[in-house]
Amino acid sequence: MPKVESIDHVALTVRDIVRSVAWYQRVLGLERLHEEVWGDVPAIVGIGNTALALFPIQEADPKPPSGHDTVAIVHVAFRATRTHFDAAKAELESLGIEFEFKDHQISHSIYFFDPDGHELEITTYEVQPDDL
């Protein structure tokens, strides 16, 4: 059985690639990757070994490929240190982006949406007992 190392990227469809690239750069600090090779489609944004591949939506109501019973992705989660988690909360607040905090006992997470309605999560496993 083959073994994989990690997730390389998650592919998302977006309505406006330029807007989405700018949003992910501004809000999550992701960098534009591989533009010199692939150009604008897909637009790859990421950091370290984690990336998102942003593809333009092809029609108003995308449907699963023929013959597939596809279920939607629930959310994409990014892991952060406690310091960066707290900084992300402050940055989202300063940008006016609403988020929901959840205490998962072993981790803390914040959930919010990108401009196309994809739910994103930033999570930390550095949980402090006095956190609210």
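Observations on the model:
- Looking only at region 91-130, and only at residues there that are acidic (D, E) and in a strand (DSSP E or B), the one that is modelled with the highest pLDDT: E100
- Subset of region 75-115 [among the hydroxyl-bearing types (S, T, Y), exposed (fewer than 13 other Cβ atoms within 10 Å of the Cβ) and either under 17 Å from the mean Cα position of the chain (by Cα) or over 17 Å from Q128 (Cα atoms) (or both)]: T81, S94
- Tally of residues being surrounded by 12 or more Cβ atoms within 10 Å (Cβ to Cβ) and either assigned to a helix (DSSP H, G or I) or of a type outside the set (D, E, K, R) (or both) across region 1-34: 20
- Filtering A53, A72, A60 for residues that are under 20 Å from R19 (Cα atoms), exposed (fewer than 10 other Cβ atoms within 10 Å of the Cβ), modelled with pLDDT under 95 and of a type in the set (A, V, I, L, M) leaves a single hit, A60.
The values are calculated or read from the model by the stated rules, or taken from the named source; none is laboratory data. Keep in mind it's a predicted model, so treat the numbers as computed, not measured. Backbone-built Cβ (ideal geometry, glycine too); neighbour counts: all protein chains shown.
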